[in-house]
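Just below is one structure, and these are the notes that go with it.
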Amino acid sequence: MMDLFNYYRWQDIVDILVVAFVINQLISIIRGTRSVQMALGLIILSIVYSLAKVLDLSTLMWLLQNFLSSILLIVIIVFQQDIRRALTQVGKTPFQKDMDFADKDLDEIIRSVQYLAKRRIGALIVIERETGLRDFVESGIELDARLTRELLISIFMPVSPLHDGGVIVGNGRILTAGCILPLSQNPFINKRYGTRHRAAIGLSEETDAVIVVVSEETQEISIVKNGVLTTQPDEINLINSLRAIFIEKEGPSHSWKSWFSKK
């Protein structure tokens, strides 16, 4: 056993741990997306190429060799969305910025979505966190107004010219309304979800924003975070879920604090 420890340097152990961490992060990023199927396809092609080389299938080997010679370009094209999301995660500061909401801000959002849900009025409220949403803010109409229940409700009323789109809030203010958000390309999303829910999931896949969605068809209120949509069955669950994220200062799922707090 001692010989084994003498054989490996401490740098080797650090090297293995870093590689394992990177692989784990990559898996968590592409899990549940169509990129998983694409990655499996590339792995199968690599296995077929190895078999063709062993069995001396020259024509098949030539075709695959020419295809795999451009593998870097293929990976960038196929996984561009996942690469962008990964770089966003890497670019985050390890020290969480003070983007948490106050009780009164959450209360305004909760009361507004409950009002809208009861009246079958759809809504899409984006709560900004660490990742800046300037690109999406600029796609809408700038408001920069104090966050209030009355203003949120009036924005999403069907007669409002701003109701068709997302509202972005941050630091206790409504930054913009009528925003255009990216639709998720995840093929595993339930077919009953429409454009509003797909836009919420799409934005949460690219940023760390938390999105609250109100369905006008089912009156359901959902919270979307990190590409996962969770329907809130009642008011208590909605309040507890949002408080767990903001008031109780839950850090990002990949933050450095979470690694030390795990047992």
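Looking at Leu116, is it outside any helix (DSSP H, G or I) and either crowded, with 18+ Cβ neighbours inside 10 Å or at pLDDT 95 or above (or both)?
Answer is no for this residue.
I'm checking my understanding of the structure. Among residues of the range 26-60 that are modelled with pLDDT under 70 and among the polar types (S, T, N, Q), which one is farthest from the chain's Cα centre (by Cα)?
Once the filter is applied, the top-ranked residue is Gln37.
Mind checking which helices (runs of 4 or more DSSP H) fall wholly inside the range 140-251 and carry at least 3 residues that are surrounded by fewer than 22 Cβ atoms within 10 Å (Cβ to Cβ), under 21 Å from the mean Cα position of the chain (by Cα) and modelled with pLDDT under 90? So that I can check it myself, show each step before the final result.
Numbers: elements: 149-156, 195-206, 235-242.
Helices (runs of 4 or more DSSP H) meeting the threshold: none at all.
The values are calculated or read from the model by the stated rules, or taken from the named source; none is laboratory data. Worth saying up front: this structure is predicted, and the values here are computed from it rather than measured. Cβ coordinates were reconstructed from backbone atoms using ideal geometry, including for glycine residues, and neighbour counts include every protein chain displayed.
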